[in-house]
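Before any comments, here is the structure.
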């Protein structure tokens, strides 16, 4: 059952709300403008606050729903985390959009919210504080995501391996942002 849930989670994660909303509202494809990333931050730059919020909510739901469904079906925490990771991988490498996806932060946040809400709150607080100080979304994401690992190791050790893989994927997807941060060229709000 876990494999089936993971496949369904990947397919759900492959829905790119940024691309779908840009088509629905006739705005620029987020993959072709701004940072080129189909996520909420780039939608804010290209299409405004309303579509950015809708993108964020859609991406959060993609991570949240598969984990909650897995829980309802009675799988363990580790399996829930792997199912959630499949949704994030769908966001990163979407089947429906030539495998050109986003950075996975909002979908990972939805997954984390379903797995262990205190860790999601820690990540949100770290993201908001870092963003407030730096005005840089990528830096906020790179700070917030790894900060959840010690808390998960302490409170939900069963989810630690999938969350460590997830953290590695998010850092990997931000590698160009890391180069830009180190070179002082990263975009700020």
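Before moving on, here are some points about what is shown:
- Inspection of region 101-109 identifies no residue that is touching a residue at least 12 places away in the same chain (Cβ under 8 Å), over 16 Å from the mean Cα position of the chain (by Cα), surrounded by 15 or more Cβ atoms within 10 Å (Cβ to Cβ) and within 23 Å of residue 2 (Cα to Cα).
- In the set (1) more than 17 Å from residue 54 (Cα to Cα); (2) assigned to a loop (DSSP other than H, G, I, E, B); (3) under 12 Å from the mean Cα position of the chain (by Cα), the condition left unmet by residue 89 is number (2).
- Among all positions in region 58-81, there is no residue which is surrounded by fewer than 20 Cβ atoms within 10 Å (Cβ to Cβ) and within 25 Å of residue 186 (Cβ to Cβ).
- Checking the stated criteria, residue 145 turns out not to satisfy the condition of being in contact with a helix residue (DSSP H, G or I) (Cβ under 8 Å, 6 or more places away or on another chain) and surrounded by fewer than 19 Cβ atoms within 10 Å (Cβ to Cβ).
- Residue pairs meeting the criteria (Cβ under 7 Å; at least 6 apart or on separate chains; first outside any helix (DSSP H, G or I), in region 143-162; second surrounded by 15 or more Cβ atoms within 10 Å (Cβ to Cβ) and modelled with pLDDT of 90 or more): 156/77; 156/115; 156/116
- For region 48-56, the criterion of being over 14 Å from residue 96 (Cα atoms), without any contact (Cβ under 8 Å) to a residue 60 or more places away in the chain and outside any helix (DSSP H, G or I) is satisfied by at least one residue.
- Screening the candidates 45, 23 for the property of being on the phi < 0 side of the Ramachandran plot, part of a helix (DSSP H, G or I) and out of contact with any helix residue (DSSP H, G or I) (no Cβ under 9 Å at 6 or more places or on another chain) yields one hit, 23.
- Restricting 125, 40 to those that are within 24 Å of residue 147 (Cα to Cα), at pLDDT 95 or above and within 16 Å of the chain's Cα centre (by Cα) reduces the list to 125.
- Taken together, 185, 179 contain a single residue that is within 18 Å of residue 36 (Cα to Cα), free of Cβ contacts under 8 Å to residues at least 40 places away in the same chain and not in a helix (DSSP H, G or I), which is 185.
The values are calculated or read from the model by the stated rules, or taken from the named source; none is laboratory data. This structure is a prediction, so every number in the text was calculated from the model and none was measured. Note that we place each Cβ from the backbone using ideal geometry, even for glycine, and neighbour counts take in every protein chain shown.
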